[in-house]
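One structure is given here, and the rest of the page talks about it.
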Amino acid sequence: MFNSWESFLDSAIEPIGFWIAKDFNDNYLSIINNIRRSNWWYKYCFSEDNLNNKLLDGSLDIDQAIDKCNLSEEKIAKLKFSLGGLAPSEKLLVYLYLREGLEIVPQFNPNAPKLYTYPIIEILSDNQNDLDWYQELIRKNLIAYKKLIDRVRLCNKCSSAHIYFIDICPNCKNIDIKRSRFLHCFTCGYVGKQEEFSKGYDLICPKCNAHLKHIGVDYDLPTAQYICNNCGYVFEEPETIYRCIACGEEGSPDKLNIQEFYSIEMTLYGREWLLLEQKKIIF
C-alpha cells in the first residue's frame, strides 16, 4: 500500500488496478483524477468505502477488487492494439469495453455551463472547450443513448444553461408591471383598478359615480389583470423573455436551444469493432 500518488509513481510498479483505502477518503478526488489522467486511465479503480463518484468503479473489499482487476486484465489481453497514444474517442470505447454493461450517466452540476457533465468524457478529453466529441461515436453506432435523464434549454448565443426569465409589458417592454384586480363599469364602460372604485365598503365608478352593487348586473371583472407602471398599458398576460447570466443575451424563450442529456452505453457493434481490429477503418 502506498501513502501517496507520488510514492506509487516512484515505485515504478505496473498495476493491474487501484484500490483506495478508507484512510484516503479525504484525498480520494485527487487520487482518482490522477489515475484517470495517467497512462492507467483504463484500469479499474475501487474504494473501500462507498464514495459515490462516477470515476470510480464502486466499493469492494481488497480481495474482491483484485479478482475484478484480474478479469479486466484478461479482457485487455484480447485487444490487439496498444493502449498508449489513443484519441479520446478510442479511450472511451476501451473504457466501456472493459466495463461490460456500464451506463455513463450525466451528472448534475449547477456550476457547469450546461448544468450536466459526463465526468469520464470530461477527464478523457484533450480539449476542455470541446466535450461533445463523443457524439461522433453516437453517429457511428459505436455507443448509443439509452435513457433520457433531462432536457436543458440553452442560450442561443453562448449555449449556457444559466438563464432566467423576466415578465415585461407587451407594449413598452418595461419590467415595471404589477398584477391588479380590474373592474368594468357597465354604466359608462370605464375599466380601472379596483382601488379606484373602492369608497369605504362601497364600489363607486370614479368616472360616472354609479354605485356598483351586483357583479354581472352593475359591473364585471375583465380578464385583464396587469398594468404597466411605465406606460399605463393594461393587459391580461405579460410577455416573457429570457436573460443569459453568462453573456447577457436577451430574447424570446422560443429562441432557446434545447439539449437532451441521456445515459450512454456501448453497442454490440462497438464491442465487435474493438475485438475485430477495425480501428483503421473507423478512425
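The values are calculated or read from the model by the stated rules, or taken from the named source; none is laboratory data. Source: prediction; values computed, not measured. Positions of Cβ are backbone-derived with ideal geometry, glycine not excepted, and every protein chain shown enters the neighbour counts. The area values use the complete protein model at the heavy-atom level, side chains included, leaving out ligands, DNA and RNA. Shrake-Rupley method; radii C 1.70, N 1.55, O 1.52, S 1.80 Å.
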Practice problem: Identify all aspartates and glutamates with a Cα-Cα distance to residue 147 below 15 Å; exclude those on the same chain that are fewer than 8 residues away in sequence. | Solution: 103, 260, 265
Quiz item: How many angstrom separate the Cα center of the stretch 120-199 from the Cα center of the stretch 17-89?
Solution: 40
Quiz prompt | Distance between modelled label sites at residue 255 and residue 37, nm, 7 Å Cα→Cβ extension | solution = 3.9
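Counting only helical runs of four or more DSSP H residues, what would the 222 nm mean residue ellipticity of the chain come to if each run contributes -39,500 (n - 2.57) and the total is spread over all its residues? Write down the numbers at each step before the final one.
Numbers: 9 runs with 70 residues, N = 283.
One gets -6500 deg cm²/dmol as the mean residue ellipticity at 222 nm.
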Quiz prompt | Label-point gap, in nm, between residue 198 and residue 52 - each point 7 angstrom along Cα→Cβ | solution = 4.9
Quiz item: Going down the list 91/255; 91/114; 54/146; 157/178, which pairs span over 27 Å between their C-alpha atoms?
Solution: 91/255; 157/178
Self-check item: Accessible area per residue in Å² at 1.4 Å probe, computed on the chain
Solution: 58
Quiz item: How much net charge surrounds residue 59 when only the other residues with a Cβ under 10 Å from the Cβ of residue 59 are counted, with Lys and Arg +1 and Asp and Glu -1?
Solution: -3
Quiz item: Relative to the longest principal axis of the chain, what angle (0 to 90°, nearest 10) does the C-alpha long axis of helix 88-97 take?
Solution: 70
Exercise. Please compute the net charge surrounding residue 159, taking Lys and Arg as +1 and Asp and Glu as -1 over other residues with Cβ under 11 Å from its Cβ.
Key: +1
Exercise. Run down the aspartates and glutamates and flag those whose C-alpha is under 12 Å from the C-alpha of residue 78, throwing out any fewer than 8 positions away in its chain.
Key: 272, 277
Self-check item: For residue 26, net neighbour charge (Lys/Arg +1, Asp/Glu -1) across residues whose Cβ lies under 15 Å away
Solution: -2
Practice problem: With a 4.7 Å Cβ cut-off, tell me which Cys residues in the chain come up empty for a partner. | Solution: 45, 69
Quiz item: Highest GNM mean-square fluctuation, the chain, Cα pairs closer than 10 Å: which of 190, 201, 262?
Solution: 201
Exercise. Would you list which aspartates and glutamates come within 17 Å of residue 213, measuring only between C-alpha atoms, while excluding same-chain residues fewer than 8 positions from it?
Key: 195, 196, 202
